[in-house]
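Here's the structure we're looking at; comments come further down.
The values are calculated or read from the model by the stated rules, or taken from the named source; none is laboratory data. Because the structure is a prediction, the values reported are computed rather than measured. Don't worry about glycine lacking a Cβ; one is built from the backbone with ideal geometry, like all the others, and counts go over all protein chains shown. Calculation scope for accessible area: heavy atoms of the full protein, side chains included, ligands and nucleic acids excluded. Shrake-Rupley method; radii C 1.70, N 1.55, O 1.52, S 1.80 Å.
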Amino acid sequence: METPLSSEQIFARVFERMRPRTPVPRIRVAFKRYANANAQVSLKESVLEVRMADTLGGAPDSVIEALAEILLSKLFRRPVPASSNDRYRRYLNRRDVRSSLDLVRQIRGRKRLLDAKGGNYDLVEMFEDLNFRYFYGLMARPVLGWSPHASRTLLGHYDSSHNAIVLSRILDRAATPKLAVEYVLFHEMLHLRHPVEHNGARRCVHTRAFKEAEKQFEHLRAAKAFLRNL
Ligand SMILES: [Zn+2]
């Protein structure tokens, strides 16, 4: 039995075949937690960056090779060989692969959210207002929605894999002051602006810059006091 090749080796081999006169660039393959069997490549500063769904990690070499042919053909703007397309599709359609992809999609897939327009507060309206007041109106609007579950412990979160801000439905009540909802939304918007920093093995979610920015919120103390008593 042949020893399996690494994904990097497979991409290198396909690259060489397609561009025999170009030196093979450095190749980096990263497996990402996508909800679907997605994959993409980019060539930047002589590094070929390949990102593919971790669900493809167990695929046989012949399938990774077909995928490499598809992605590199697209990169070089050439027609995708029908045989590669066919082999890759056939793999995704295999019953065991399909059911494991379905499972992953269920777990990671599209977020189940209630509409941004709640019974009392409209998150789109509030987002645009905060965007104007604190971000010069420059922040691209993510997916916004109320959580199906009225959690008291998780009042809001920003989910970068779905680019979604979700607020707990418990806040969408007439008894909740607007500034408290605004503060939770503002906090999540800051997560969009200040990504998580990695310090060795430690993740820093609320960086110093994040905390500084949060202090700009006009009614910070009143909002925090209300949420503490929720
Ligand atoms: Zn936070």
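Worth pointing out:
- Residue 162 vs. criteria under 19 Å from residue 139 (Cβ atoms) and touching a Ser or Thr at 6+ places or on another chain (Cβ under 9 Å): no
- The residues of the stretch 157-180 that are under 17 Å from residue 119 (Cα atoms) and open to solvent by less than 60 Å² (accessible area, probe 1.4 Å), listed by number, are 166, 167, 168, 170, 171, 172, 176, 177, 179, 180.
- Within the stretch 27-69, being among the β-branched types (Val, Ile, Thr), within 29 Å of residue 159 (Cβ to Cβ) and free of Cβ contacts under 8 Å to residues at least 24 places away in the same chain holds for 29, 47.
- Checklist (1) open to solvent by 80 Å² or more (accessible area, probe 1.4 Å); (2) touching a residue at least 24 places away in the same chain (Cβ under 8 Å) applied to residue 9, failing item: (2)
- First in the stretch 136-156 and among the hydroxyl-bearing types (Ser, Thr, Tyr) and within 16 Å of the ligand (Cβ to nearest atom), second anywhere and at pLDDT 85 or above and assigned to a loop (DSSP other than H, G, I, E, B), Cβ under 9 Å, 6 or more apart: 147/154; 147/168; 151/168; 153/168
- Residues being open to solvent by less than 50 Å² (accessible area, probe 1.4 Å), part of a helix (DSSP H, G or I) and in contact with a helix residue (DSSP H, G or I) (Cβ under 9 Å, 6 or more places away or on another chain) - total across the stretch 112-133: 5
- Among the candidates 192, 227, residue that is open to solvent by 20 Å² or more (accessible area, probe 1.4 Å) and closer than 26 Å to residue 34 by Cα: 192
- So residue 214, is it in contact with a helix residue (DSSP H, G or I) (Cβ under 9 Å, 6 or more places away or on another chain), open to solvent by less than 60 Å² (accessible area, probe 1.4 Å) and of a type in the set (D, E, K, R): yes
- The stretch 205-217 residues that are in contact (Cβ under 8 Å) with a residue 12 or more places away in the chain, paired with ones that are near the ligand (Cβ under 9 Å from one of its atoms) (beta carbon under 7 Å, 6 or more apart): 210/190; 213/190; 214/187; 214/190
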